[in-house]
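Working notes, structure below.
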Amino acid sequence: MNLTVRLSRNKRPLYLQIKNILKDRILHGVYPIQTNIPSEPQLETEFTVSKITIRNAIKELCQEGYLEKGSGKGTKVIRNTATSKLSTWKRFTELLVEEGHQIQKQLLSIEVISTIEATEPRRLFGEQCIRIERLYELNGLPYIHYTHYLTMRIGDIEQSDLNAQSLYGLLEENDIALEKYRDQFAVAYAPPLIEERLQVKENTPLLKRLRYSYDEVSDVVEYSEGYYNTTMQNYVVNYNV
């Protein structure tokens, strides 16, 4: 874990940014369930903020049911799954965390791009969109590479925004309500740069997932291409009946 984390000083209150960072760590198994998160002094040092800022962040997570404060016993993780009106099933990463795995995210790039003619981003978003590249590690090894394309409606995104929370949480925070997803799956070879980042051999068959995320008027606000090295871990979906 880094000793200090950069926060955005011009946007949301600091305690909310810290709350989102801590929640993201809980959801990805950095702080496993039934274990204590770092002490308040440790978090003050990491985020270079005041004691009251840390306490407000922890208070919010306790109210949301993620943490439980014990007198003289530290603050314990009591839930590691998200709640969302969009989810009728658990997210894939949540299932992995429940099984005892740890998921770590690395932001590779974020930029506004000019889309290429006859591509899906051009068809969906026009001549410009936001592109985000991320790498997910499973227990310290490269596992998933995502390329996200987003509508320009979301406005400016800072690196600290994506370090603090999930992409979909960021969309909702920018008043873009997601109503549904549509996923498509195939077996495919990844482009050479993605093969390199996933540390797989050339022409290794990978699971490819295309995702379309729709808002309340059925406009696509996010399109993503994900490559999964399923030799490490199968893709799993659990449905509630």
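The values are calculated or read from the model by the stated rules, or taken from the named source; none is laboratory data. Not measured: the values here are computed from a predicted model. For neighbour counting, all protein chains shown are included, and Cβ atoms are generated from backbone atoms with ideal geometry for every residue, glycine included. The accessibility values were calculated without ligands, DNA or RNA, using every heavy atom of the protein model including side chains. Shrake-Rupley method; radii C 1.70, N 1.55, O 1.52, S 1.80 Å.
The residues on offer are Lys73, Lys51, and the sole one that is touching a residue at least 12 places away in the same chain (Cβ under 8 Å) and surrounded by fewer than 14 Cβ atoms within 10 Å (Cβ to Cβ) is Lys73. State which residue pairs qualify: first residue more than 22 Å from Asp219 (Cβ to Cβ) and inside region 106-121, second residue among the acidic types (Asp, Glu) in any location, beta carbons under 6 Å apart, and separation of 6 or more residues or different chains. Every condition considered, the pairs that remain are Leu108/Glu133; Ser109/Glu133.
Of Glu172, Glu133, all but one fail to be modelled with pLDDT under 80, under 14 Å from the mean Cα position of the chain (by Cα), of a type in the set (Asp, Glu) and under 18 Å from Ser224 (Cβ atoms); the exception is Glu172.
In region 190-206, the qualifying residues are those that are among the hydrophobic types (A, V, I, L, M, F, W, C) and out of contact with any helix residue (DSSP H, G or I) (no Cβ under 8 Å at 6 or more places or on another chain), and the one that is most open to solvent (accessible area, probe 1.4 Å) is Leu193.
Checking region 18-40 against the condition returns no match, with no residue being over 24 Å from Gly140 (Cβ atoms), more than 21 Å from the chain's Cα centre (by Cα) and open to solvent by 60 Å² or more (accessible area, probe 1.4 Å). Taking region 103-139 as the range and being open to solvent by 30 Å² or more (accessible area, probe 1.4 Å), outside any strand (DSSP E or B) and over 19 Å from Pro191 (Cβ atoms) as the test, the residues that pass are Arg123, Leu124, Phe125, Glu127, Asn139. Here is the figure for region 51-68: residues that are in contact with a helix residue (DSSP H, G or I) (Cβ under 7 Å, 6 or more places away or on another chain) and either assigned to a loop (DSSP other than H, G, I, E, B) or modelled with pLDDT under 90 (or both) total 1.
Restricting attention to region 45-81 and to residues that are under 12 Å from Tyr31 (Cβ atoms) and among the polar types (S, T, N, Q), the residue that is nearest to the chain's Cα centre (by Cα) turns out to be Asn80.
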